[in-house]
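Inspection log for the structure reproduced underneath, given as structure tokens.
The values are calculated or read from the model by the stated rules, or taken from the named source; none is laboratory data. From a predicted model like this one, the values you see are computed outputs, not experimental measurements. Ideal geometry is used to build each Cβ from the backbone, glycine not excepted, and the neighbour counts take in all protein chains shown.
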Amino acid sequence: MTLTVEHTTMPVLGRLPIHSSRVEQIAHLAEAAQQIRIQDLKLVHHAGAGHIGGDFSAIDILTTLYGAVLDISPETVADPERDRFILSKGHVAGALYTTLAAFGFLPVSELATFLKPLSALNGHPNRTKVAAVEANTGPLGHGLPVAVGHALSARLDMSLRRTYVLVGDGELQEGSNWEAMMAASQYQLDRLTVIVDRNRLQQGATTKETNDLDPLPEKATAFGFAVVEVNGHDHGELLDVLSAVPVRPGKPTFVIAHTHKGHPISFMSDNVAWHHRVPDAAEFEQALAELARDHRRSA
């Protein structure tokens, strides 16, 4: 089976068998992330809109979750005992859709409809249109409170299902996140994991220039979370931490994933202009070439 956007294709990758070694899993995740980046680049270029910088900073996190961590499959998206994932930074929907398609959650034929009239693949995820989407997100600061509700529901159900939520670091300037974190700590929701895409950029400026979040680890600790910092582009680090929840029994987990907006494209990486921009024809070809080159180096 192939993913198709206009005349482009990529293989659809499933999860490895449960007995696969850590080395095999990491290699598989690296291959999947590279293919997802290529597809996402084509998706945004073809649609003429998207948030490719934030997409590329989040793809390794999304790949690790769907490729190795989450207890969910295309067959169990409605199972009450499935793990939950909520994309709070909903503007990177393109990265989510390509990841879902790569792991079989989304019909491959739908990717070519991204942002088109009447498409299920809106600019922000919609749970009534895409079965694997857990919550409508887009207005920042909403996903984490919803995730706390899911985690509290699991606690009341005496269920071992886990809840993961990916937030942007600029998004943490919304006070609703900190209210939700206080509740998560109060109820000892240790099956909840908050992942921060810490690329230090938001629309138009750095997070430090806008409203400095540091010292972020100390702030999250003060709110009652077990805090872990990882390289958000290292599949091994992500796999080890995200699979080990709860990091500390009785405490929700706060993973600060240090990333680079636009990673690994030379002219996009750490460039605030790529928060919301579409590559032109020359930039598109250069980005494709760089992704192919990086893949050959890692092979």
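Just checking, does the range 173-185 include any residue being within 13 Å of LEU87 (Cα to Cα) and of a type in the set (Gly, Ala, Ser)? No; the residues of the range 173-185 include none that is within 13 Å of LEU87 (Cα to Cα) and of a type in the set (Gly, Ala, Ser). Within the range 100-110, the set of residues being farther than 15 Å from LYS42 by Cβ and either surrounded by 21 or more Cβ atoms within 10 Å (Cβ to Cβ) or without any contact (Cβ under 8 Å) to a residue 40 or more places away in the chain (or both) comprises LEU100, PHE103, PHE105, LEU106, PRO107.
LYS208 falls short on exactly one of the conditions (1) within 23 Å of VAL272 (Cβ to Cβ); (2) surrounded by fewer than 17 Cβ atoms within 10 Å (Cβ to Cβ); (3) within 17 Å of the chain's Cα centre (by Cα), and that condition is (3).
Of the residues that sit in the range 111-132 and are free of Cβ contacts under 8 Å to residues at least 12 places away in the same chain and under 17 Å from VAL77 (Cβ atoms), which one is surrounded by the fewest Cβ atoms within 10 Å (Cβ to Cβ)? That would be THR128. Across the range 180-200, the number of residues qualifying as closer than 22 Å to ASN211 by Cβ, assigned to a loop (DSSP other than H, G, I, E, B) and of a type in the set (Lys, Arg) comes to 1. Residues of the range 252-273 that are under 22 Å from LEU41 (Cα atoms), assigned to a loop (DSSP other than H, G, I, E, B) and not aliphatic (A, V, I, L, M): THR259, HIS260, LYS261, GLY262, HIS263, PRO264, SER266, PHE267, SER269, ASP270, ASN271. If you take the residues in the range 205-239 that are in a loop (DSSP other than H, G, I, E, B) and out of contact with any helix residue (DSSP H, G or I) (no Cβ under 7 Å at 6 or more places or on another chain), which one is farthest from ALA184 (Cα to Cα)? Checked the range 205-239; the qualifying residue farthest from ALA184 (Cα to Cα) is ASP234. Of the residues making up the range 255-299, just one is at pLDDT 95 or above and basic (Lys, Arg), namely LYS261. In the set (1) under 28 Å from LEU160 (Cα atoms); (2) free of Cβ contacts under 8 Å to residues at least 60 places away in the same chain; (3) out of contact with any Phe, Trp or Tyr (no Cβ under 9 Å at 6 or more places or on another chain), the condition left unmet by ALA27 is number (1). Taking the condition surrounded by 14 or more Cβ atoms within 10 Å (Cβ to Cβ) and either part of a helix (DSSP H, G or I) or of a type in the set (Gly, Ala, Ser) (or both), does ALA282 pass? So ALA282 fails the test.
Of all the listed residues (ASP197, ASP240), the sole one being within 22 Å of the chain's Cα centre (by Cα), buried (at least 20 other Cβ atoms within 10 Å of the Cβ) and acidic (Asp, Glu) is ASP197.
Residue-by-condition table, conditions (1) farther than 19 Å from THR137 by Cα; (2) out of contact with any His (no Cβ under 8 Å at 6 or more places or on another chain):
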| residue | (1), (2) |
| --- | --- |
| SER21 | yes, yes |
| ALA32 | yes, yes |
| THR64 | yes, no |
| ASP71 | yes, yes |
| THR76 | yes, yes |
| LEU87 | no, yes |
| ALA93 | no, no |
| ALA102 | yes, yes |
| PHE114 | no, no |
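Only one entry of HIS235, HIS276, HIS260 meets the criterion of being surrounded by fewer than 20 Cβ atoms within 10 Å (Cβ to Cβ) and either touching a residue at least 24 places away in the same chain (Cβ under 8 Å) or of a type outside the set (Gly, Ala, Ser) (or both), and that entry is HIS276.
From ALA147, ALA135, ALA154, which residue is buried (at least 19 other Cβ atoms within 10 Å of the Cβ), out of contact with any Pro (no Cβ under 7 Å at 6 or more places or on another chain) and over 26 Å from HIS258 (Cβ atoms)? Give the steps one after another, and end with the answer.
Working: ALA147 fails: over 26 Å from HIS258 (Cβ atoms); ALA135 fails: over 26 Å from HIS258 (Cβ atoms).
Matching residue, one of ALA147, ALA135, ALA154: ALA154.
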